[in-house]
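Reviewing the structure listed below.
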Amino acid sequence: MQVHQGGTRSGKTYSICTVLIEWACLNPNAKAVITFVRKTYPSLRASVMRDFFEILEREGLYREANHNKGNSQYMLFGNMFEFISVDQPQKIRGRKRTICFINDANELSYEDWQQLILRTTGKMIIDYNPSDTFSWIYDYVLTRNDAEFFQTPSLDNPYLGAETIAEIERLKETDENYWRIYGLGERGV
């Protein structure tokens, strides 16, 4: 299990998408189901889904014939990537998968987490901004002996533009807690 805690725009989601695409390339015809999850479909579509397809396009891997837009699925080298939201509990019950990536995991409930992990046969990956003082992530995930923890400050992302960096750094003077969470990737207070 991998836990990626970090600041805003630290590159967590984009990096995880890149690694999962690379995994599919290195494991052709594994018939793996790789599920990308977020609380609501609009937020899923506007974030992790956008990053995933941007990477495929950039790498010349996108094929229209492999994209089932109606089911929010993409076939890549014999592996299926699916995109689901958990805003309706029945969407996650009964579905099994090989790899599960929960984007902005702190949006989900502990029950959502339990249903997803019970149906994941391989690796579980989560990312989040540590904006909550209390969370099931802190109590039930980070305390596990199989949790690999990664923390990424925003300013470690070499692809951020000067305007974005300046805005993030401005938090130092305007909101110390926001700076801690969204700049340094540390747990909020």
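The values are calculated or read from the model by the stated rules, or taken from the named source; none is laboratory data. Source: prediction; values computed, not measured. Neighbour counts are summed over all protein chains in view; Cβ atoms, including those assigned to glycine, are modelled from backbone coordinates with ideal geometry. What goes into the accessible areas is simple: the full protein's heavy atoms, side chains included, and nothing from ligands, DNA or RNA. Shrake-Rupley method; radii C 1.70, N 1.55, O 1.52, S 1.80 Å.
In the complete set of protein chains, residue-level accessible area for E54 is approximately 90 Å², probe 1.4 angstrom.
Amide hydrogen proximity for D132: with H placed 1.01 Å from N in the peptide plane, the residues at 5 or more positions away or on another chain lying under 5 Å are G188.
Between A162 and T40, what FRET efficiency comes out of the Förster formula 1/(1 + (r/R0)^6) with R0 = 30 Å and r the beta carbon distance, rounded to 0.05?
Numbers: r = 32 Å, r/R0 = 1.07.
Once the sixth-power term is evaluated, E becomes 0.40.
Residues whose amide H comes within less than 5 Å of that of F83, counting only those at least five positions distant or on another chain, are F36 (H built at 1.01 Å from N in the peptide plane). For mean projected area of the Cα convex hull in nm², the candidate list reads (i) 11.8; (ii) 9.5; (iii) 11.1; the entry that matches the value derived from this model is (iii).
Between S47 and Q88, 0.36 nm times their residue separation minus their Cα-Cα distance comes to what? Show your work: numbers first, answer last.
Working: separation 41, 0.36 × 41 = 14.76 nm, distance 1.94 nm.
Difference between extended and current length: 12.8 nm.
Scanning the chain for DSSP H helices at least 24 Å long along the axis (C-alpha atoms) with a Kyte-Doolittle mean no lower than -0.5 picks out nothing. The residues neighbouring T174, those whose beta-carbon lies less than 15 Å from its own, together hold a net charge of -2 under the Lys/Arg +1, Asp/Glu -1 convention.
Measuring with a 1.4 angstrom probe and ignoring ligands and nucleic acids, E57 comes out at about 110 Å² accessible. Annotation: lysines with alpha-carbon distance below 21 angstrom to K96 (same-chain offsets under eight excluded): K31, K39, K69, K123.
Roughly speaking, to the nearest percent, how much of segment 67-184's 1.4 Å accessible area is carbon and sulfur?
On the way: 3090 of 6250 Å².
The C+S portion of the solvent-accessible surface of segment 67-184 is 49 percent.
The 3J(HN,Hα) values that the Karplus relation (6.51, -1.76, 1.60; θ = phi - 60°) gives for segment 34-45 are, in residue order, 10, 9, 9, 10, 8, 4, 10, 5, x, 6, 4, 5 Hz. Gly and Pro appear as x. Based on protein heavy atoms only, the chain ends up with 52 Å² per residue of surface accessible to a 1.4 Å probe. Centroid-to-centroid, using Cα positions, segment 30-91 and segment 1-20 are 16 Å apart.
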